[in-house]
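Engineer: The structure that follows is given in the form of structure tokens.
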Amino acid sequence: MKSEIQQSLQQALEALHAEGVLTDLPAAAQVERTRDPAHGDFASNVAMVLAKQARMKPRDLAGRIVAAMPASPVIAAVAIAGPGFINIHIAEAAYRALVPAILRAGPDYGRSRLGAGQRVQVEFVSANPTGPLHVGHGRGAAYGAAVADLLAYVGFDVHREYYVNDAGRQMDILATSVWLRYLELCGEALDFPANGYKGDYVWDIAASLHREHGDDYRVAADVVREGLPLDELTPGDGGDKEAHIDALTAAAKRLLGDNRYRFVFELGLNTILDDIRGDLAELGITYQAWFSERSLVESGAVNRAVERLREAGHVYEQAGALWFRSTAFGDDKDRVLVRENGQTTYFASDIAYHMDKMERGFTRVIDVWGADHHGYVPRVKAALSALGDDPRRLDVLLVQFAVLYRGGEKVQMSTRSGEFVTLRELRKEVGRDAARFFYVMRRCEQHMDFDLDLAKRQSADNPVYYVQYAHARVASVLQQAADRGIALALTPVPGDGKLERLTEDHEIALLKTLARWPEAVEAAALTEEPHQLTHYLRTLAQDFHTYYNAHQFLVDDAALRDARVQLILAVRQVLRNGLSLLGVGAPERM
RNA sequence: GCCCUCGUAGCUCAGCCGGAUAGAGCAACCGCCUCCUAAGCGGUAGGUCACAGGUUCGAAUCCUGUCGAGGGCGCCA
């Protein structure tokens, strides 16, 4: 509908251009929804924008433009208002025609080919597999999934990916933690390291190791302890928790040998990855690929990335380490690629990973990161520039933290002590629908308060229930008709004139909201702002509830009854399309 | 100290590529079920768009500064 208006205006501008009234043509005529219905349905400010170059008063130019607009069945009236706005009123018939169009398109109403099949990768969550997902990851999960689904809906070929940090020190610490807990289960007396992973899930993995393999991995506590540097159990006690845990890891590798160590490591990694996969699947989130960092290391891709930077002359050695001169590409300081001990950094892996993404030929690559990683953006972009890629192909979307509230109190979280609130606990408490909806209700840049009580509440102030209730009410009307033995014409018949019976203000308002759906989807997708969808759905639900209260649908007049039922079927379809895009269910009954 | 994000009604937030009188929900107050789910609807009230400058026909929106909130500044991941 909007594009038809745009075309109409564009044709008018082209005509004036041909006449010499305008010297330049704008790329596209700006058309917007009006805020005030008195200004019509759409308004354009082109006349004011082009007034200067036409050397005319805005209102006079507007008059010329309006005169040059071709007639259209969609447009009922055009008016010039205020300083030179062109206000366009849509014909009600055009709105009524939406009902059959929506019912015919079904799940595809709102879909478009805007993306023209361009390949886009969306990488999101990518939490380290050293523990279960916590509530902080939930926002990135829901947001990333919604962005990916939106882009797919408007015609992009979307590839969803999870980057698994399965290499590096943290994973070794996890494996060591599992082994130490296992030793405790075997009856060995050991102090658990300050820097180890203390969560219950570590016990669970250790218990399964003990259950399946008995004492096969047991080593006497004295032997493990031998020659370890002091742990720092309390700050300032002279110990070094970093050196301690690293020495413990080295001891584990030495005492268990490669194969047995690898087994414990894999057990921890796979158990946790399965857990993460399960959590996300329960939220309706799935991926095309789980990309392993270790595969990059083992295939030599990380070394290749470092070599490419070296060949391009962007690295130097200092104090035994190999540095990337990222400051040459706008970063604050240079970054280490290879440490003094010969190990590559996480950053080196990440360069290799992004290099790989680029080589896979995506038109666009989107990374969804927590806001705490914002400082990381310039260095990754710097690396892409240094490698000769266009950093603009990479979009990093930063998601601010979500703070949980329960009973008006902030819920405390701390990952270190292992007492965090897991995403699973959140989902079990508020349910999948509320979790998915609440997480995307706010702009991603906005710090978010997640009210657990509100999310659980089954009442009007909970937006999820409000929208779902609108959907259930439509089903309820149909059920009521069936119960009363009323035969309904669910499919509009062209030319039967029934839809022309939709003349009430509430009906026109509802039709106008339905008409906005494709625009809402497009805007939400292109700006990567799924929260716009939640707002749209709330508005649609509200228009429906208002209509429901103002008028009976199952009236005696069969033609009017059919028209109203067809209208609310269209509403149901759009509610379904919207909720499904957000991964939220559309219940028939509540 | 430097960098990123945010600051709009009592609360939670839309609006932000400049545009017409700043919007919604909740909470508050007043109403509405012999009628398809009242998990709903209607109405009233509520604002110096943090503050100060600047840009212009026009600024909540763009720029600069100040204040405030959160986050980031490792040879951690």
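Engineer: Could you give me the ³J(HN,Hα) list for the range A:296-303, computed from phi with Karplus coefficients 6.51, -1.76, 1.60 and θ = phi - 60°, whole Hz, x at Gly and Pro?
Structural biologist: Values, residue by residue: 5, 5, 5, 7, x, 5, 5, 4 Hz.
Engineer: Under a plain spin-label model, where a point goes 7 Å from the Cα along Cα-to-Cβ, how far apart in nm are A:R294 and A:T327?
Structural biologist: 3.8
Engineer: Where Lys and Arg each count +1 and Asp and Glu each count -1, what net charge lies around A:Y163 among other residues with Cβ under 15 Å from its Cβ? Each step should come with its number before you reach the end.
Structural biologist: On the way: positive: A:R160, A:R277, A:R294, A:K357, A:R360; negative: A:E123, A:E161, A:D166, A:E293, A:D350, A:D356, A:D367.
Taking every Cβ under 15 Å from that of A:Y163, the sum is -2.
Engineer: Within the P(r) computed for the range A:274-375, what percentage of the Cα pairs occupies the region above 19 Å? Before the final figure, lay out the partial values.
Structural biologist: Values: 2805 of 5151 pairs.
For the range A:274-375, the fraction of Cα-Cα distances above 19 Å is 54 percent.
Engineer: Compute the normalised compactness of the range A:355-485: alpha-carbon radius of gyration over 2.2 N^0.38 Å, N being the residue count. It would help to have the intermediate numbers written out before the result.
Structural biologist: Working: Rg = 21.3 Å, N = 131, 2.2 N^0.38 = 14.0 Å.
Its radius of gyration relative to the 2.2 N^0.38 Å reference: 1.52.
Engineer: Next question. Which whole-number percent is the relative contact order of the range A:37-132 (Cα, under 8 Å, 6+ apart)? Write down the numbers at each step before the final one.
Structural biologist: Working: 90 pairs, mean separation 24.6, N = 96.
Computed over the range A:37-132, the figure is 26 percent.
Engineer: Let me ask another. Out of all Cα-Cα pairs in the range A:460-581, roughly what percent, to the nearest whole number, are more than 26 Å apart? Mind showing how you got there, number by number?
Structural biologist: Values: 1592 of 7381 pairs.
The proportion of pairs with Cα distances above 26 Å equals 22 percent.
Engineer: Mind giving me the nanometre distance, one decimal, between the label points for A:N549 and A:T234, set 7 Å out from Cα along Cα→Cβ?
Structural biologist: Between A:N549 and A:T234, the simple spin-label model gives 6.2 nm.
Engineer: Separate question: Given a cut-off of under 8 Å on Cα pairs at least six residues apart, what relative contact order in percent is computed for chain A? Mind dumping the intermediate values first?
Structural biologist: Numbers: 925 pairs, mean separation 89.0, N = 590.
Contact order relative to length: 15 percent.
Engineer: HN-Hα J couplings of the range A:140-157 from phi, Karplus 6.51/-1.76/1.60, θ = phi - 60°, integer Hz, Gly and Pro as x?
Structural biologist: In residue order, the calculated couplings are x, 5, 5, 5, x, 5, 5, 4, 4, 5, 5, 4, 5, 5, 9, x, 8, 8 Hz.
Engineer: Say the cut-off is 29 Å between C-alpha atoms; which of A:K253/A:K357; A:K2/A:K498; A:K2/A:K57; A:K357/A:K410 go over it? Could the numbers behind the result be given before it?
Structural biologist: On the way: A:K253/A:K357 33 Å; A:K2/A:K498 26 Å; A:K2/A:K57 26 Å; A:K357/A:K410 39 Å.
Over 29 Å Cα-Cα: A:K253/A:K357; A:K357/A:K410.
Engineer: What length, rounded to one decimal in nm, is gained on full extension from A:Q343 through to A:A71, with 0.36 nm per residue of separation minus their alpha-carbon distance? Present the calculation step by step, with values, prior to reporting the outcome.
Structural biologist: Details: separation 272, 0.36 × 272 = 97.92 nm, distance 7.05 nm.
Length difference between fully extended and current span is 90.9 nm.
Engineer: For the range A:308-347, what number results from the quotient of the Cα radius of gyration and 2.2 N^0.38 Å? Please report the intermediate quantities before stating the final value.
Structural biologist: Values: Rg = 9.7 Å, N = 40, 2.2 N^0.38 = 8.9 Å.
Ratio of Cα Rg to 2.2 N^0.38 Å: 1.09.
Engineer: If I take R0 = 22 Å and measure r between the Cβ atoms of A:R277 and A:D157 in this structure, what FRET efficiency does the formula 1/(1 + (r/R0)^6) give, to the nearest 0.05?
Structural biologist: Details: r = 23 Å, r/R0 = 1.06.
According to the calculation, E is roughly 0.40.
Engineer: Additional query: Suppose every K and R has +1 on its Cβ and every D and E has -1 on its Cβ; what is the size of the dipole of chain A about the Cα centre, in Debye to the nearest 20?
Structural biologist: Details: 66 positive and 80 negative charges, 351 e Å.
Charge dipole, chain A, about its Cα centre: 1680 debye, nearest 20.
Engineer: Let me ask something additional. So what's Rg/Rh here for the range A:2-90, counting alpha carbon atoms and using the Kirkwood radius for Rh?
Structural biologist: Ratio value, two decimals: 0.93.
Engineer: So if I restrict to the alpha-carbon atoms in the range A:242-329, what is the Rg, and what is Dmax, the biggest pairwise distance, in Å?
Structural biologist: 18.8, 49
Engineer: At most 16 other Cβ atoms within 10 Å and a DSSP loop assignment: could you name the chymotrypsin sites (Phe, Trp or Tyr not before Pro) in the range A:351-459 that fit?
Structural biologist: Here the chymotrypsin sites (Phe, Trp or Tyr not before Pro) that fit, given the DSSP loop and packing criteria, are A:F401.
Engineer: Please sort by residue number the trypsin sites (Lys or Arg not before Pro) in the range A:1-53 whose DSSP state is loop and whose Cβ has at most 12 other Cβ atoms within 10 Å.
Structural biologist: A:R35
Engineer: Next up: Summarise the long-distance tail of P(r) for chain A by giving the % of C-alpha pairs beyond 38 Å. Mind showing how you got there, number by number?
Structural biologist: Values: 83159 of 173755 pairs.
Tail fraction, whole percent: 48.
Engineer: Another question about this same structure. ³J(HN,Hα) across the range A:256-270 via Karplus (A = 6.51, B = -1.76, C = 1.60, θ = phi - 60°), whole Hz, x for Gly/Pro?
Structural biologist: So the Karplus estimates, Gly and Pro as x, are 8, x, 3, 5, 5, 4, 4, 5, 4, 4, 5, 4, x, 4, 5 Hz.
Engineer: OK, next. Roughly what angle does helix A:558-581 make with the longest principal axis of chain A, taking Cα atoms, 0 to 90 degrees, to the nearest 10?
Structural biologist: In chain A, helix A:558-581 runs at an angle near 30 degrees to the longest axis.
Engineer: For A:D451, which sequence-distant residues (separation of 5 or more, or a different chain) have an amide H within less than 5 Å of its own amide H, given hydrogens modelled in the peptide plane?
Structural biologist: A:Y405
Engineer: Pick out, from A:S459, A:M590, A:L511, the residue whose Cα sits farthest towards the positive end of the charge dipole of chain A, with +1 on the Cβ of Lys and Arg and -1 on the Cβ of Asp and Glu.
Structural biologist: Farthest towards the positive pole: A:L511.
Engineer: Test of the criteria: in the range A:477-506, which trypsin sites (Lys or Arg not before Pro) are in a DSSP loop and have at most 14 other Cβ atoms within 10 angstrom of their Cβ? Mind showing how you got there, number by number?
Structural biologist: Details: sites: A:R484, A:K498, A:R501; in loops: A:R484.
For trypsin sites (Lys or Arg not before Pro) across the range A:477-506 that sit outside H, G, I, E and B with at most 14 neighbouring Cβ atoms in 10 Å, the list reads A:R484.
Engineer: A follow-up question, please. Under a Cβ-only charge scheme (Lys and Arg +1, Asp and Glu -1), can you give me the dipole magnitude of the range A:460-581 about the Cα centre, in debye to the nearest 20? Working shown, then result.
Structural biologist: On the way: 11 positive and 15 negative charges, 58 e Å.
About 280 debye.
Engineer: Counting only GluC sites (Glu not before Pro) that are in a DSSP loop and have at most 16 other C-beta atoms within 10 Å, tell me the longest site-free stretch of chain A. Show your work: numbers first, answer last.
Structural biologist: Working: sites that count: A:E226, A:E340, A:E419, A:E445, A:E504, A:E588.
With a cap of 16 other Cβ atoms within 10 Å, the longest stretch comes to A:1-225.
Engineer: Under a 5 Å amide H to amide H cut-off, with H placed in plane at 1.01 Å, what residues pair with A:I75 once short-range neighbours are removed?
Structural biologist: Under 5 Å from the amide H of A:I75: A:A91.
FYI, it's all coordinate maths here, none of it is from the lab. This is a predicted model, so every value here is computed, not measured. Positions of Cβ are backbone-derived with ideal geometry, glycine not excepted, and every protein chain shown enters the neighbour counts.
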